[in-house]
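The values are calculated or read from the model by the stated rules, or taken from the named source; none is laboratory data. Computed from a prediction, not measured in an experiment: that's the story for all the values here. Cβ placement follows ideal geometry from the backbone for every residue including glycine, while neighbour counts extend to all protein chains displayed. Note: areas computed on protein heavy atoms with side chains; ligands, DNA, RNA excluded. Shrake-Rupley method; radii C 1.70, N 1.55, O 1.52, S 1.80 Å.
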Amino acid sequence: MTATRAAGAYRRALAAFTNPTLDLLHGRHAPFVVAVLSLVFTADRPAVAIPDAHAEIGEAVEELRAAGYAEEGRGLPSGTPRELCRSWVRLGWLVPQIVDGAEVYRLSAQAVGALEIAGRAGGGRSRVSRSRVRTLLDSVEQLVQHAETDPAERLARLHGERAALDAEIARLEAAEREGRAIDPPDEEQLIEGAEHVLHLSRELPADFSRVAESINAMQRDVVAELRRDVRPAGEVLREYLQRGQHVMQATPEGRAFSGALALIGDPEHIDRLTEQLRALLGQPFARLLGAQQRDDLDAVARRVEQGVQEVLTAQRRASHVITAQVRTHDPARDREVDELLRSVMSGLQGWMRSSRAGEEVAPLRGFPSAGIGHLRQTVSELRPPRTPAPLADGAAEAEFADADTRDWGGPRYAELEAYVAGLGDRFDLAEAFAGADASTRRPVDLLGLLEIAHRNGMTEGEEVSVARAIRPDGTRREFAFAAVTASADPGPDPAPDPDAASAPDPAPAPADKDPDDD
């Protein structure tokens, strides 16, 4: 081994250890950080409100201290939960964002990768299983098929695959005709396959986070270069508008994600994946899996869906920011700000050369106002204000565009009072309502009839009366209420009592009043 190869390997190792992923795992309080982040951020909870995160981290610290873990070798970090989260943001493990007007924390791609490494290291040994070898062989075979350009070779391979499928179909049909049971699959192989699925799924969250962070980094680079204003404005506008519209194709991670999005971006594919995973969990071999493995297997589809949503949200945000920066970019204004800042700096440098230590500086307590003269403050109307024209008196002059509009209105008090006047001294409310005309047998007319009865004086009985009302559209409603006997004659008005309350009691409403009848 030459010194050049050794130096190159050492430089690559140094670069790898500067990654926040290995920094998180190699830190003094790495077990605490991994444990807390894995508790706060889960597959169902990728974003956590900042106050909630501080509260949960504080509770975790108190529980660990009460359990005696603060006295161990690495111990627990000092500081408040807010200080811990700020330090983790500086180290690149947490990403603060604003979602729906609320500040939240998200795990960075490096933190997600560190949690996956810790989970794999603590979750048992990795086995060279049939499933993993089969996946490798299938991947190589598919790569060879895609790289093959000879039509004869591709046709021969496709004919072989069809022959194998036909043989399997014939075997299953023969077993069904003969009534023979098909040999059940080996449960050990099924468990190995489930573990391999979990192994593959653990890589997805970090991959999705890397795509979103690469898009955000590209957005920051675009905005910074736009503000430099080095190239002509027309060239800047054309390039950045195009990058804003095609932001997904601007990074290698984004281009790779675009290809994967064709397989997992359709909601039907996510639904089918969810159904397949639930079917697997319902198989007999699933009982041999651990509880955590079953939960992780059930959460695979949700992780995929959340990762796709995270990347698409980053894409929309980057497109919006870049487009807004291009549209609001004003080179003249930026040059004015730069000239102002340079003049301030030059003035400060000149003052520093002539000033003494401890010399006070008179603060600028306000900006000078521009002398713009007198502006008109009011716009007067030359014509004096006039009162509106009086309304037309008399209901006969009112015109109704549609008769159905009145049918859906309030009670017909005039018709009801005339009808009640011909019922005699005492009458039963339900019987009176049943004998009224069809135009005054609406649900709202029952309320009006009850109001008239209350005004004239009524008595409630112990029996239950049922009234059948007809709506204007022909539908029927039944209302049940205590039997009411009322008087048709309101009688003389009683003498006013100064000690009595001035407001009468409100009339009781039917038990099954429909709010649409008003």
- Note on the structure: Filtering segment 38-52 down to residues that are out of contact with any helix residue (DSSP H, G or I) (no Cβ under 6 Å at 6 or more places or on another chain) and assigned to a helix (DSSP H, G or I) yields Leu39, Ile50, Pro51, Asp52
- Message: Can you tell me how many residues within segment 153-187 are closer than 30 Å to Leu289 by Cα and either β-branched (Val, Ile, Thr) or out of contact with any Leu (no Cβ under 9 Å at 6 or more places or on another chain) (or both)?
- Response: 9
- Restricting attention to segment 298-310, does a residue exist that is within 15 Å of Gly193 (Cα to Cα) and surrounded by 12 or more Cβ atoms within 10 Å (Cβ to Cβ)? yes
- Scanning for something more than 26 Å from the chain's Cα centre (by Cα) and modelled with pLDDT under 80, does segment 252-266 turn up at least one residue? yes
- Message: Can you tell me how many residues within segment 271-298 are among the polar types (S, T, N, Q), outside any helix (DSSP H, G or I) and within 31 Å of the chain's Cα centre (by Cα)?
- Response: 0
- Message: Cβ contacts < 6 Å: first residue under 21 Å from Tyr69 (Cβ atoms) and hydroxyl-bearing (Ser, Thr, Tyr), restricted to segment 33-45; second residue part of a loop (DSSP other than H, G, I, E, B) and open to solvent by 70 Å² or more (accessible area, probe 1.4 Å), any location; separation 6+ or different chain. Result?
- Response: none
